[in-house]
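Heads up, the thing below is written out as structure tokens.
The values are calculated or read from the model by the stated rules, or taken from the named source; none is laboratory data. Small disclaimer: the values here were computed from a predicted structure and weren't measured. Note that each Cβ is placed from the backbone with ideal geometry, even for glycine, and that neighbours are counted across all protein chains shown.
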Amino acid sequence: MTPKNAEHYKRALKIMPWATQTNSKRLQPDWGESMPPFIKHAEGCRMWDLDDREYIDFLSALGPIILGYQCPDVERAVREQMKKGVLYSMASPIELAAAEAIMQNVSWIDQIRFMKTGADACTACTRLARAYTGREHILTSGYHGYHDCFFLGWPNHGAPTVLREYVHEIDYGDLDAVNAVFEKYGDQLAAAVVVPYEWNEDTGEAYLQLLREKCDKYGTLLIFDEVLTGFRLALGGAQEYYGITPDFAAFAKAMANGYPVSAFAGKREFMQTLEKTVITTTYAGETLSLAASQATMEIMRNEPVHEHIYAMGTRLLNGFSEIINECEAPAYAAGLPAAPFIQFNLGDDEQNTMWQNRLFSELFARGIFPSQRWFINYSHQPEDIDQTLEQVRRAMQNLIKRAPLQAPAEH
Ligand SMILES: Cc1ncc(COP(=O)(O)O)c(C=O)c1O
């Protein structure tokens with residue numbers, strides 16, 4: 001670690017567990033000495049660490065950055081709103097403006113309310129589903145945040161274990177598990193809360209279709225957790241991508257280009273449950289994030305944002321494949337163009353992880369901030385992708401030279 005990063009990390013760790021607020025931003029020692037624990041500035045698709053080292057970023061702040069860091073039109077909207085105040089004693093008109101802007105992009109929604117985090121939004125949908133149906137069990141699939149009912153699979157989770165009786169977690173795409181959970185608990189299931197797209201493989205359609213059918217049959221509400229897929233997979237999220245419509249959806253990350261806001265939304269009949277129950281939090285109407293969201297929605301609607309993201313992602317994905325072929329590396333490139341990735345296939349998981357760690361370590365040292373899923377945003381230009389690919393090529397060549405890899409397993 002470079003001197004300033006190391007000094008700052010030591011000080012932060014002393015008074016702040018993890019030295020960060022977010023699990024996925026914790027320093028990963030396995031990713032090598034060059035991984036920067038802190039970023040002091042970011043613009044477009046580039047970030048700078050405490051020692052002024054520059055990186056082309058492919059994590060996009062874990063998903064929220066969809067237009068690029070400090071997108072000028074979004075920043076302008078926030079500055080304009082800032083002149084009027086950040087939070088009032090009553091609702092602000094920006095709440096309606098932001099809601100309408102989102103609903104122009106996601107056409108199936110009848111009603112919407114704002115929250116602050118992805119976990120908040122998923123919890124709100126689930127609570128409404130329970131209140132609407134009067135049932136207590138839920139089916140879950142994927143990560144929906146740290147709140148009690150979604151976190152039961154983690155070691156020492158700190159949530160009441162009795163919740164396990166009510167929460168039935170299944171793997172993405174597991175049709176047998178969908179059938180089994182509905183067969184056993186269908187009449188008691190308030191909701192099926194699912195991440196609608198798994199970035200590894202696109203097996204979603206049959207899975208979502210089955211969930212829709214089962215939910216309809218048993219009177220269960222289907223909730224799409226669109227926290228990561230919303231406004232990224234397509235402008236209208238997974239609902240548009242698959243053409244399958246849920247009853248509720250949770251949105252967060254890409255909805256305000258990094259400003260902290262989330263939303264839960266759905267069909268009027270189900271959202272109207274709010275007339276009989278209470279879901280509330282003080283900061284949900286915070287105006288700066290809503291101004292950012294309105295501006296983000298307008299840019300996404302008026303400019304070829306998703307076309308560009310898919311074009312840049314395809315360029316990166318094809319480049320990965322070429323490099324893998326050139327270097328005869330035991331790996332493959334895959335993923336949707338909006339978030340491609342390189343996967344080593346040496347036969348066992350430990351080896352694969354070890355080689356990915358080495359690749360990441362090489363890339364950090366070469367000014368590329370890699371990611372398990374390389375999130376493209378609207379600010380990535382062909383030159384950024386080509387510069388990145390050149391560094392990936394050198395990193396891969398170096399890896400192979402240093403230690404020839406074993407023959408790949410069949411893929
Ligand atoms: C699919 C999904 N749902 C929910 C969450 C939780 O969102 P947050 O961290 O904003 O609470 C995440 C976060 O990564 C996510 O990826």
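Some points to look at:
- Taken together, the criteria place Y259 among residues that are modelled with pLDDT of 95 or more and either over 27 Å from M300 (Cβ atoms) or not aliphatic (A, V, I, L, M) (or both).
- Within the stretch 97-109, residues that are closer than 16 Å to A252 by Cα sit with their Cβ atoms under 6 Å from residues that are among the hydroxyl-bearing types (S, T, Y) and at pLDDT 95 or above, at 6+ positions apart or across chains, in these pairs: A98/S293.
- Put simply, of A42, A12 the only residue that is crowded, with 17+ Cβ neighbours inside 10 Å and away from the ligand (no atom under 16 Å from the Cβ) is A42.
- Exactly one residue among W31, W18 is free of Cβ contacts under 8 Å to residues at least 12 places away in the same chain, over 16 Å from H380 (Cα atoms) and hydrophobic (A, V, I, L, M, F, W, C), and that residue is W18.
- Residue within the stretch 178-191 that is more than 16 Å from the ligand (Cβ to nearest atom), among the small types (G, A, S) and part of a strand (DSSP E or B) present: yes
- Residue that is surrounded by the most Cβ atoms within 10 Å (Cβ to Cβ), among those in the stretch 205-262 that are away from the ligand (no atom under 16 Å from the Cβ) and of a type in the set (S, T, Y): T220
- In the stretch 135-181, the residues that are free of Cβ contacts under 8 Å to residues at least 12 places away in the same chain, within 30 Å of Q272 (Cα to Cα) and among the small types (G, A, S): A159
- R130 more than 9 Å from the ligand (Cβ to nearest atom), of a type outside the set (A, V, I, L, M) and in contact with an Asp or Glu (Cβ under 7 Å, 6 or more places away or on another chain): yes
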